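Participant: Take a look at the following structure, please.
Since every read-out is calculated from the coordinates, none of them should be taken as a lab result. Predicted, not measured: the structure shown is a model, and the values here were computed from it. Positions of Cβ are generated from backbone atoms using ideal geometry, with glycine treated the same way; all protein chains shown enter the neighbour counts.
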Amino acid sequence: MIQLEKLTLFYDGACPLCQAEIQFLTKRNQAGLLSFVDINSRQYDPSKVGVSCDQALASMYAQYESGKLINGVEVFLQAYQRANLPVLVWFFSRPYLRPILNVSYQLFARFRHPISRTIGPMALRLVTSSQGK
C-alpha cells in the first residue's frame, strides 16, 4: 500500500460551494491526511506558501507536507484519494478527461462566486444536514 503524504488545501471561505466541498472532505478525512486553510483567514500566509491571495483565488492550491505545491484539478484528485473516494479518484485520474476537467475548473474558478450564490447554499445545507448521519 502506498503511503500518502499529508496535504493542506487552501480554499476560499467566502464561497459557500467551496465551504461545502471542504466540509464534505473534512467529514471524509478519517486518516487525517488532509488539512484546510481559508485563504481569507489570518492562518493563510502567502509569503510562507508562495502563492498570493489573488493566485489562490484564481485556482485551488494545495501543499504537501514536504512543501511541494499543486493546483487546479490535481488538488481534487489528491484530496479525493486521501478522503478515500475511489470513484472520484478514478474519474479525476482519467488522462483523456484531464483537458475537459482543466477547462471546466478554470471556468468554475473564474465564476465561482455567481455559481456559488446560486447553488452553494443548497450544497452547504446538504453537507451540513448529512453530517449527523
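Participant: Which entry is the computed volume of the Cα convex hull per residue in Å³ for this structure: [x] 119; [y] 171; [z] 105?
Facilitator: [x]
Participant: Count the lysine pairs in the chain that are 8 or more places apart or on different chains: how many have C-alpha atoms under 25 angstrom apart?
Facilitator: 6
Participant: Quick check for me: using +1 on Lys/Arg Cβ and -1 on Asp/Glu Cβ, what's the dipole size of the chain about its Cα centre, in debye to the nearest 20?
Facilitator: Numbers: 14 positive and 8 negative charges, 69 e Å.
Value, rounded to 20: 320 debye.
Participant: If packing is taken as the mean number of other Cβ atoms within 10 Å per residue, what is the order of 13-23, 94-104, highest first?
Facilitator: Values: 13-23: 19.9, 94-104: 11.4.
So the order, starting with the most tightly packed, is 13-23, 94-104.
Participant: For the residues Glu74, Glu65, what sequence is obtained by ranking on other C-beta atoms within 10 Å, fewest first? Don't jump to the answer; show the numbers that get you there.
Facilitator: Working: Glu74 17, Glu65 11.
By the 10 Å Cβ count, ascending, the order reads Glu65, Glu74.
Participant: Tally Lys and Arg at +1 and Asp and Glu at -1 over the other residues with C-beta under 14 Å from the C-beta of Asn40: what net charge comes out?
Facilitator: Local net charge: -2.
Participant: Quick check: net charge around Tyr11, other residues with Cβ under 9 Å of its Cβ, Lys/Arg +1 and Asp/Glu -1? Before the final figure, lay out the partial values.
Facilitator: Values: positive: none; negative: Asp12, Glu21, Asp38.
Computed value for this residue: -3.
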